[in-house]
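To start, the structure under review is shown below, and the notes come after it.
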Amino acid sequence: MTFMQVVSQFLAYRFPFWGVCHLSFVPETKTIYVYCQTPGRRAAILKDAKAIADLDIGVDKFIVIHPGYSYIIIPHIPPQRR
């Protein structure tokens, strides 16, 4: 099982109400791109920004993308920086 398969299954379990989103991972920058199909999916992910920032899964940032909208960048915030 690849890293992306594990992470996508974890995210689907942890955040089932996101619905269908396409995920891609860039290992060099430890970034996951989340491509949303609808603005509603984008809004659902935005509501979970704090929970996403708290995830300690080896990802430095999540970038949420939906055509026609600004990107949402959610960086991982290590516990000691809070």
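Give, in whole angstrom and from largest to smallest, the semi-axes √(5λ) of the equivalent ellipsoid of the chain, with λ running over the eigenvalues of the Cα gyration tensor. Intermediate values should be presented prior to the final figure.
Numbers: eigenvalues 68, 46, 33 Å².
Three semi-axes, in Å: 18, 15, 13.
Note on the chain: helix-only mean residue ellipticity at 222 nm, from DSSP H runs of 4+ residues weighted -39500 (n - 2.57) and normalised by residue number, equals -9500 deg cm²/dmol. When peptides 41-54, 63-76 are sorted by average Cβ neighbour count within 10 Å, with the highest value leading, the order is 41-54, 63-76.
By DSSP, the beta bridges lying fully in segment 9-78 are antiparallel in about 65 percent of cases.
One Cα centroid belongs to segment 3-24, the other to segment 27-60; the line between them spans 10 Å.
Working note: Karplus 6.51/-1.76/1.60 with θ = phi - 60° gives segment 8-22 the couplings 5, 5, 4, 5, 5, 6, 6, 10, x, 7, 5, x, 8, 9, 8 Hz, where Gly and Pro are set to x. Percent of alpha carbon pairs in segment 22-68 separated by more than 15 Å? Across segment 22-68, Cα pairs with separations above 15 Å total 44 percent.
What is the sum of charges around Ile57, taking Lys and Arg as +1, Asp and Glu as -1, for the other residues whose C-beta is under 11 Å from the C-beta of Ile57?
Values: positive: Arg14, Lys30; negative: Asp54, Asp56, Asp60.
Local net charge: -1.
Taken together, the values in this text are just the output of simple stated rules run on the coordinates, not laboratory data. It should be emphasised that the depicted structure is a prediction, and the values quoted were computed from it without experimental measurement. For neighbour counting, all protein chains shown are included, and Cβ atoms are generated from backbone atoms with ideal geometry for every residue, glycine included.
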